[in-house]
Amino acid sequence: MYTYTKQQLFFTAEMCLGMGSLMSGLNILFQLGFTAAALTTFLSGWAPTILVAFAWNLAVAAPVTNLLISVFATTQQQSLDPDWAQQIHQWATILIMCLSMSTWGLVTAGVLPGLPVSALLFTWVRSFALAYIIRGLVVRPVATALLHRVFPG
């Protein structure tokens, strides 16, 4: 079984906190606008969303990503191609987490059973585009800077 260093767990927690908070908040704002109901909805679901994201990342996304890396980033000589492994890690993690957490949001909102497939696909595409931008511009740089501040070197 894969074991995590303190730094990896800290970084994972930071990413889940940042992405879960921002993505959840934006999706609620898209649905309800900037209202008291939106704030109440966000605050009531914030902690469970972050906890589910963190647990899901550790239990599902990371093992699947590691499996993909071992299958697709290992050469015939059984050595790891670090550049390819990093690309697989970044894309697999964001795809798994984005699709599963946006689906989680639909389930907790109670709208998934009656949602047309086209609306589900639109939600996934919109969520992925937002997640990619937010991760790249805000969450990852902040999480990396904080990681280096807490764990120098």
Can you pull out every residue in the range 2-51 that is at positive phi and open to solvent by 30 Å² or more (accessible area, probe 1.4 Å)? none
Does residue 115 satisfy the condition of being among the hydrophobic types (A, V, I, L, M, F, W, C) and outside any helix (DSSP H, G or I)? yes
Residue under question is residue 71, and the condition is that it be open to solvent by 60 Å² or more (accessible area, probe 1.4 Å), at negative phi and not in a helix (DSSP H, G or I); does it hold? no
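Rundown of residues vs (1) in a helix (DSSP H, G or I); (2) closer than 23 Å to residue 24 by Cα; (3) open to solvent by less than 50 Å² (accessible area, probe 1.4 Å), yes/no style:
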| position | (1), (2), (3) |
| --- | --- |
| 56 | yes, yes, no |
| 78 | no, no, no |
| 94 | yes, yes, yes |
| 98 | yes, yes, yes |
| 103 | yes, yes, yes |
| 121 | yes, yes, no |
| 142 | yes, yes, no |
| 152 | no, no, no |
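The values are calculated or read from the model by the stated rules, or taken from the named source; none is laboratory data. For clarity, every value in this text was computed on a predicted model and none was experimentally measured. Side chains included, ligands, DNA and RNA excluded: accessible areas come from the protein's heavy atoms. Shrake-Rupley method; radii C 1.70, N 1.55, O 1.52, S 1.80 Å.
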